[in-house]
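Any read-out appearing in this document is the output of simple, stated calculations on the displayed coordinates, not a laboratory observation. Only a predicted model underlies this, so the values are computations on that prediction, with no experimental measurement involved. Heads up, the Cβs are rebuilt from the backbone with ideal geometry, glycines too, and the neighbour counts pull from every protein chain shown.
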Amino acid sequence: MQFDQLKRRELITLLGGATAWPFAARAQQSAMPVIGYVYSGSRSKNAGLPGFEKGLSATGYVVGRNVAIEYRFADGDHDRLPAIVVDLVSRGVALIFAADNASAVAVKTASSSSIPIVFWIGGDRVKLGLAVSLARPGGNITGVSALATAVVAKRFQLMHDMVPNASTVGILVNPTNPQSEEDIKGAQDAVRTLGLMLHVVKAGTEREIDVAFGTLLEHHVEGLVIEGDPFLSKQREQLITLTSRHKLPAIYSDISAVDAGGLMSYTSDVVDQYRDAAVYAGRIMKGEKPANLPVQQASNLRLRINRKTADTLGLAIAPQLYNFADEVIE
């Protein structure tokens, strides 16, 4: 998320009164600490959310009993994120959890350095400007990071295994996601290794998704990788409808897409990772410093395949995919 100088001045003005509050004064307003929770997508598609409250309870914080959560969802509109963060800061939250790439960058940019931040991201924490290093993130921020670039390459390999005769593949990204350019670079490296041709399409609105699919059809793309993004997860039904209508094999970063009729998903267990992030949040509220908590690397990746969708597309599931898959649903 990039902020020009005007936006920065506006944020500084808005934050002026809020960030000046000492922590003790905020604490006096309520005996129950409040966590600000920011997600750039919609609540209904925020798959990891249940894990966050579970993680808090593991550290002794029970929502409604000794901690409160102020949930904020931007519903795919990244321009709303700065105002959401400013509002949470003005409410004197004790900590902010940023639940995706765009939210993490917005929170880091727009919040006070005195407010601890815990993130979950699917991108490179250093390149996104969130941490100095894994072992010592520095400052007031730490969290959990998925291995996004490596996962992009693996998704292309899995698509190649599913559609071995395909020579042209595509990747769909949301250009407003701070990780999108790194995902594109990862895709370019992956297809070069596989000897395939790549077409990149970008969409940050419902209409742009329709246009993107027109471009994919025009270039005779035979397999599609849909990258991880809250907006694209929100538009899951639209994406599944389009891939089905045009008989385009696709692999998703949204694990629930397979249950909804998508062909494949390869992604980490975001519920577990949100739980791990929440454990960090609980430890920080008990006095530990974010700078001393190393950024965790997510590693529990899962492949799911929808056999019915494969049959509809006329695809045979190769033995190596069966062996590698964690689940093949009917």
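The residue list ILE329, ALA190, ALA74 was ranked by how far each Cα lies along the charge dipole of the chain toward its positive end, using unit charges on Cβ atoms, and ALA74 comes out on top.
Bridges between two residues of the chain, per DSSP, are antiparallel at a rate of about 10%. A helix-only calculation puts the chain at -12500 deg cm²/dmol for mean residue ellipticity at 222 nm, using -39500 (n - 2.57) for each DSSP H run of at least four residues, averaged over all residues. Equivalent ellipsoid of the chain: semi-axes from √(5λ) of the C-alpha gyration tensor, largest first, are 37, 20, 17 Å. Out of every Cα-Cα pair that segment 207-330 contains, those further apart than 25 angstrom amount to 37 percent. Counting neighbouring beta carbons within 10 Å and listing from fewest to most, the residues GLU53, GLU327 come out as GLU327, GLU53.
How charged is the neighbourhood of LEU217? Take every other residue with its Cβ under 13 Å from the Cβ of LEU217, and add Lys/Arg as +1 and Asp/Glu as -1. Spelling it out: positives minus negatives among the neighbours equals -1. Each of LEU224, SER256, SER90 was scored by the projection of its Cα onto the charge dipole of the chain, and the greatest displacement toward the positive side belongs to SER90; charges sit on the C-beta of Lys, Arg, Asp and Glu.
Given LYS45/LYS202; LYS108/LYS202; LYS185/LYS308; LYS45/LYS247; LYS45/LYS185; LYS108/LYS185, which pairs have Cα atoms separated by over 29 Å? Listed pairs above 29 Å: LYS185/LYS308. Charge dipole of segment 170-263 (Cα centre as origin; +1 on each Lys and Arg Cβ, -1 on each Asp and Glu Cβ, all else neutral): 180 debye, rounded to the nearest 20. Sparse packing (at most 11 other Cβ atoms within 10 Å of the Cβ) combined with a DSSP loop state is found for the following trypsin sites (Lys or Arg not before Pro) in segment 258-302: LYS286. For the pair GLU327 and SER244, a Förster radius of 22 Å applied to the C-beta separation gives a FRET efficiency near 0.60, rounded to the nearest 0.05.
In plain terms, if you count all Cα to Cα distances in segment 35-79 and split them into 10 Å steps from zero, the share in each step is 25, 50, 22, 3 percent.
The residues packed around ARG302, meaning those with a beta-carbon under 15 Å from its beta-carbon, carry a net charge of -3 if Lys and Arg are +1 and Asp and Glu are -1.
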